[in-house]
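These notes concern the structure reproduced below.
Read the figures in this text as sums done on the coordinates, not as results from a lab. In this text the structure is predicted, and so the values were computed from the model without any measurement. Every residue, glycine as well, gets a Cβ built from its backbone with ideal geometry; the counts of neighbours run over all protein chains shown.
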Amino acid sequence: MATDDQTLLTSRTLTSEDYPQLAQLMDVVYHDIGGAWPEAIVRQLMREFPEGQLCIEDNGHLVAVALTIKVDYNRFSNPHRYDELITDDRVHAHNDEGDALYGLDVFVDPEYRGYRLGRRLYEARKELCREANLRAILAGGRLPGYQQHADQLSVTEYIEHVEQRTLHDPILSFQLANGFDVKRLMSKYMPEDTRSKGYGTLLEWDNILYDPEAEAPQFPRRSIVRLGLVQRRMRAANSLEDLLNQVEFFIDALSGYQADFAVLPEFFSAPLMGLEPELSSMESVRHLAKFTEEIRRALSEMAVSYNINIIGGSMPLIEDDNVYNVADLYRRDGSMESQYKIHITPHERKDWVIQGGDQLRVFDTDAGKVGILICYDVEFPELGRLLAEQGMEILFVPFWTDTKNGYLRVRHCAQARAIENECYVAIAGSVGNLPRVDNVDIQYAQSAVFSPSDFYFPHDATLTEATPNTEMLLFADLDLEKLKLLHREGSVTNMRDRRTDLFDLKWKS
């Protein structure tokens with residue numbers, strides 16, 4: 001893996017300078033079937049269909065690649081051989097006027113296979129297919145696991161077992177897990193592939209948005225963003241590993257529903273305070289802060305591994321002997337940024353001696369511009385307005401409240417922020433109790449996602465809300481294009497109609 005301390009994944013298209021690294025990677029992955037493709041072949045692919053040659057790098061080091069061409073669907077949805085697509089001296093089948101993608105290959109550095117980079121490349125191909133308004137993605141799949149079962153099973157029986165998950169095939173199982181269907185068996189797909197006995201499967205992923213009458217759009221901005229909120233029941237943690245296992249369970253589940261964001265509650269790490277119940281309140285929160293850096297590293301790895309942006313609730317952080325309440329954004333490319341809680345509640349100030357931060361930021365992500373206000377901060381309207389003036393589209397509010405009236409303060413203020421700033425607001429809190437932890441013994445929460453209040457949105461401006469005081473996951477699909485319509489054509493346009501000739505708002509340096 002890269003020698004840098006922090007994994008930093010970047011997705012992009014291949015360039016001519018990438019071939020030496022690509023060849024080295026192919027030699028590692030395909031050492032048993034010939035290794036790297038000739039440079040002339042790779043350069044032809046990049047020249048004829050540059051947007052289809054995708055890769056992922058970690059701090060400049062190439063770690064995963066997907067090679068793709070456009071083909072005529074009617075031709076290659078029927079039986080064919082691999083050498084009809086590509087040979088050692090040229091690419092044969094690419095067709096600029098083709099109506100389908102054909103996946104030639106996907107390969108991943110073995111040291112990075114726990115990060116689900118293959119899945120990420122498959123999703124990038126699907127996005128390319130949708131944006132180019134193509135009919136489908138086709139792929140010929142080898143069956144490298146068949147060799148071990150050829151004496152007992154016919155090839156069709158082997159495929160049936162893999163589809164039923166009673167057997168695992170390194171290639172076919174992966175393709176099925178990524179939404180591809182087996183359309184037919186091809187008996188002489190790659191005769192030299194002894195492990196597959198020369199067989200291949202023709203796999204297909206159908207683009208349900210394909211419109212044969214429409215022209216291909218020019219790669220429009222992404223509109224729909226899926227949020228996944230964790231309304232988590234506070235439960236005892238026997239160790240840091242125990243807590244992280246609990247958190248990873250939720251991240252895994254949200255990723256399985258293809259959420260773009262996972263949102264954790266404020267002070268979600270608080271169960272670790274129960275490991276030292278004899279400490280005073282101030283000592284206890286400082287003890288909790290000792291786990292923060294290790295939790296950060298784990299969450300950053302989860303964001304990359306599960307291909308999901310994580311709003312990491314909040315955790316205590318010690319800097320210059322001061323304690324701060326900090327929320328982190330963990331992007332799925334491996335980068336991380338932080339928002340410090342600015343307004344500190346009387347309880348935090350008196351019992352935990354927490355200090356307030358002094359910076360406010362909007363964060364760019366691959367799913368929109370977002371801001372984070374931790375619990376009490378959402379009750380100060382100036383902060384939301386400052387974020388909106390920087391283009392914020394989604395406001396995340398991790399919270400922790402012990403009573404219903406405390407919760408309703410957060411909820412009502414969050415709804416107000418959505419209306420006055422014409423943005424979406426998501427609030428996520430914890431429920432249950434921690435009887436061995438001083439000052440954090442009970443919680444009350446009803447997590448929710450709010451919208452502005454206009455015809456484009458639900459009549460009560462609530463997209464979804466959890467059952468009060470019940471552990472559950474909450475999902476909401478946000479349409480960012482509706483915010484644009486609201487800004488221009490809403491029944492009322494709060495942001496545009498501000499009387500800036502009479503007043504303004506600015507952040508003091």
> Taking the Cα atoms only, what angle lies between the long axis of helix 240-256 and the longest principal axis of the chain, rounded to 10 degrees?
Replying inline: 60
>> If R₀ is 25 angstrom, what is the calculated FRET efficiency for the pair Thr15 and Asp366, using the beta carbon separation as r and rounding to 0.05?
In response: 0.75
> Using the Karplus equation 6.51 cos²θ - 1.76 cosθ + 1.60 (θ = phi - 60°), what ³J(HN,Hα) coupling, rounded to whole Hz, does each residue of segment 88-101 give in order, writing x for Gly and Pro?
Replying inline: 5, 10, 6, 8, 9, 9, 4, 9, 4, 8, x, 10, 8, 8
> Of Gly141, Pro316, Tyr456, whose Cα points farthest to the positive end of the dipole of the chain (charges on the beta-carbon: +1 Lys, Arg; -1 Asp, Glu; origin at the Cα centre)?
Replying inline: Tyr456
> When the Karplus curve 6.51 cos²θ - 1.76 cosθ + 1.60 is applied with θ = phi - 60°, which whole-Hz ³J(HN,Hα) does each residue of segment 158-167 get, with x for Gly and Pro?
Replying inline: 4, 4, 4, 5, 5, 4, 8, 6, 7, 10
> Put a dot 7 Å past each Cα toward the Cβ at Leu209 and Tyr456; how far apart are the dots in nm?
Replying inline: 1.8
> Order of Arg120, Arg195 from fewest to most other C-beta atoms within 10 Å?
Replying inline: Arg195, Arg120
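Report the net charge of residues surrounding Val353, where surrounding means a beta-carbon distance below 11 angstrom and charges are Lys +1, Arg +1, Asp -1, Glu -1.
Combined, the nearby Lys, Arg, Asp and Glu give -1.
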>> With θ taken as phi - 60° and the coefficients 6.51, -1.76 and 1.60, list the Karplus ³J(HN,Hα) couplings across segment 76-84 in order, rounded to whole Hz; mark glycine and proline as x.
In response: 9, 8, 9, x, 7, 10, 4, 6, 7
> About its Cα centre, what dipole magnitude does segment 283-420 give when the only charges are +1 on Lys and Arg Cβ and -1 on Asp and Glu Cβ, stated in debye to the nearest 20?
Replying inline: 420
> Whose amide H sits under 5 Å from the amide H of Tyr444, counting only residues 5 or more places off or on another chain, with H placed in the peptide plane?
Replying inline: Thr401, Asp402, Thr403
> Does anyone have the angle between helix 39-48 and the longest principal axis of the chain? Alpha-carbon axes, 0 to 90°, nearest 10?
Replying inline: 70
>> Output the 0 to 90 degree angle, nearest 10, between the alpha-carbon long axis of helix 480-489 and the longest principal axis computed from the alpha carbons of the chain.
In response: 60
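Past 25 Å, Cα to Cα, is the threshold; run Lys341/Lys369; Lys482/Lys508; Lys126/Lys197; Lys70/Lys183; Lys484/Lys508 against it and keep the listed order.
Lys482/Lys508; Lys126/Lys197; Lys484/Lys508
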>> If amide hydrogens are placed 1.01 Å from N in the peptide plane, which non-local residues have theirs closer than 5 Å to the one on Ile86?
In response: His92
> Can you sort Val155, Val304 so the residue with the fewest Cβ neighbours within 10 Å comes first?
Replying inline: Val155, Val304
> Please state the Cα pair-distance histogram of the chain with 10 angstrom bins from zero: what percent is in each bin?
Replying inline: 4, 17, 24, 22, 17, 12, 4, 0, 0
> Summing -39500 (n - 2.57) over the DSSP H runs of n ≥ 4 in the chain and dividing by its residue number, what mean residue ellipticity at 222 nm do you reach, to the nearest 500 deg cm²/dmol?
Replying inline: -8000 deg cm²/dmol
